[in-house]
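Everything on this sheet refers to the single structure shown next.
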Amino acid sequence: MIKSIIKKLIPKNWLLFYHKILALIASFLYQHPSEKMVVIGVTGTAGKTTTVYLIGKILEETGYKVGWTNSISFKIGDREIENKAKMTMPGRFFMQKILKEMVKASCQYAILETSSEGILQSRHLGINYDIAVFTNLSPEHIEAHGGFETYKKTKAKLFAKLKNEKRKIVKDKKTKKTIIANLDDEHAKYFLSFPADEYYGYSITNEESRIRNKAIQIIKAENVANSSFIIHHSLFRLHLPGKFNVYNALAAISVARSLGIPLEIAKKALEKIKDIPGRMEEVISRPFKVIVDYAHTPQSLKEAYETLRISNFQFPISKSPPGRDPAVAGQMPNSKIQNPKMICVLGSCGGGRDKWKRPELGKLAAQYCNQIILTDEDPYDENPAAILNEIEAGFSQITNYQLPITNYEKIFDRREAIKKALFLAKPNDIVIITGKGCEPWMCLKNGRRIPWDDRQIAKDEFKKIFTP
């Protein structure tokens, strides 16, 4: 509380200068560890955490020692530590300290999930990046950045930074400054406009045609079907669901190709990965599925819902709200059911930020879910009822429907909400719990936080209901 008041009182320019000075001091104190490794930065709205993980696994398959930082964990060679900071990109001194530990562990590569808020606070300064990866861009952190264009330009600082950084000698090999971008994203051209030694782009569609006057090496996925695709006559079969994970894999493959790693090694590494913690993670498989996912933006929530409908249900979204179908809505454990249904525990709206997206998330849930349970995510100091009311307001934005959406309820206690979803589920149904993924804390009023794990709570409540 005191910290936030002080921030409001200090002029913005002073605060930015303060962040920059701290970043440079931290790098100096830890003896510039990023100069001794190849550093890969991954930024974008969605897919950063998974992409970091996939890149790391490909490099390890190649035989390299690797370190990474992402929303899930901190990897230092053979050690992996859970990220309990609830921060994508922790503070400047922490970042330099962990980079130093990677050097001590003889890591040749460091892969850093690089967030816009981290860049805004200069946490990327004092780190010499060699490869910058752009995954995608959609509205997020708009209130913190003061608009979408500012948000985009903040992320671009990572790419602009490359031209001013010195080329390193790592393991007797001179590094290149490389930009890698998702060519199917409309903002790719902007991120590819910054100076670099090499450019790589990846695509599923033919959107690479929009990029002109650039010597871009393109990684193109053909015959994409669910989680399989072909690159240069080589068939990839991912265990990770969804087209968005195909894009994440393509980003990782592009990094591998930029480093001279053969496609077959990338294929071998990617096909070994069964799941990513808290990212479309299947925590219960029978008699119905329970999926836990971090999705907390409209785009990522839509992709999660569409993936589950296409991959698991194989039935289209109905033209009328599913909650009005008496064979689907409000079913209790002993009721008969004609079709599998999707029960959505929606808590993807933390307090005090990004209020614009709340009705958008509600609108998506009304379109895709057969049963909706609105619940808390991390309310912080905001009134939880007000948050859920703003999500609920999105239900009325479904223009094709004339009647009120009725297939939902509000349960503020997140554990009780998960319990109710499991109680409603029948064989072959799917329960999807969104908003927190594998985050280890629930953040409440006055800075209070309690230990939390959606995955474990779902398992615990499942046992209570179904154990004789």
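Brief remarks follow.
- Whichever residue in region 441-457 is at pLDDT below 95 and in a loop (DSSP other than H, G, I, E, B) and, among such residues, is nearest to SER300 (Cα to Cα): LEU444
- Restricting LEU235, LEU240 to those that are among the aliphatic types (A, V, I, L, M), in a loop (DSSP other than H, G, I, E, B) and within 30 Å of TYR305 (Cβ to Cβ) reduces the list to LEU240.
- Scanning region 382-404 for residues that are under 30 Å from PHE74 (Cβ atoms) and outside the structural domain of ASN83 (by TED's automatic domain parsing) turns up at least one hit.
- Restricting attention to region 368-388, the residues that are closer than 24 Å to SER138 by Cα, assigned to a helix (DSSP H, G or I), of a type outside the set (Val, Ile, Thr) and without any contact (Cβ under 8 Å) to a residue 60 or more places away in the chain add up to 1.
- Any hit, region 258-272, residues being polar (S, T, N, Q), in a loop (DSSP other than H, G, I, E, B) and in the same structural domain as ILE180 (by TED's automatic domain parsing): no
- Meets criteria (touching a strand residue (DSSP E or B) at 6+ places or on another chain (Cβ under 8 Å) and either among the β-branched types (Val, Ile, Thr) or not assigned by TED's automatic domain parsing to the domain that holds SER138 (or both)) for ILE40: yes
- Meets criteria (surrounded by fewer than 17 Cβ atoms within 10 Å (Cβ to Cβ) and either in contact with a strand residue (DSSP E or B) (Cβ under 8 Å, 6 or more places away or on another chain) or not hydroxyl-bearing (Ser, Thr, Tyr) (or both)) for GLU264: yes
This table checks each residue for (1) over 30 Å from PHE466 (Cβ atoms); (2) modelled with pLDDT of 95 or more.
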| position | (1), (2) |
| --- | --- |
| TYR202 | yes, yes |
| ASN213 | yes, no |
| LEU250 | yes, yes |
| SER258 | yes, yes |
| LEU263 | yes, yes |
| LYS274 | no, yes |
| VAL283 | no, yes |
| VAL292 | no, yes |
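- When LYS177 is tested against (1) crowded, with 18+ Cβ neighbours inside 10 Å; (2) of a type in the set (D, E, K, R); (3) within 20 Å of the chain's Cα centre (by Cα), exactly one condition is not met: (3).
- Test for LYS20: is it in the same structural domain as ILE127 (by TED's automatic domain parsing), under 30 Å from LYS302 (Cα atoms) and at pLDDT below 95: no
- Taking strands (runs of 3 or more DSSP E) as the structural unit, those lying wholly within region 54-128 and holding at least 3 residues that are buried (at least 21 other Cβ atoms within 10 Å of the Cβ) and under 17 Å from the mean Cα position of the chain (by Cα) correspond to 109-113.
- Residue match in region 133-144 (condition: modelled with pLDDT of 95 or more, of a type in the set (Asp, Glu) and either surrounded by fewer than 24 Cβ atoms within 10 Å (Cβ to Cβ) or touching a helix residue (DSSP H, G or I) at 6+ places or on another chain (Cβ under 6 Å) (or both)): no
Yes/no per residue for (1) buried (at least 21 other Cβ atoms within 10 Å of the Cβ); (2) touching a Gly at 6+ places or on another chain (Cβ under 8 Å):
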| site | (1), (2) |
| --- | --- |
| LEU162 | yes, no |
| LYS173 | no, no |
| LEU192 | no, yes |
| ILE211 | no, yes |
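The values are calculated or read from the model by the stated rules, or taken from the named source; none is laboratory data. Computed from a prediction, not measured in an experiment: that's the story for all the values here. Using ideal geometry, Cβ is built from the backbone for each residue, glycine included, and neighbour counts are taken over all protein chains shown.
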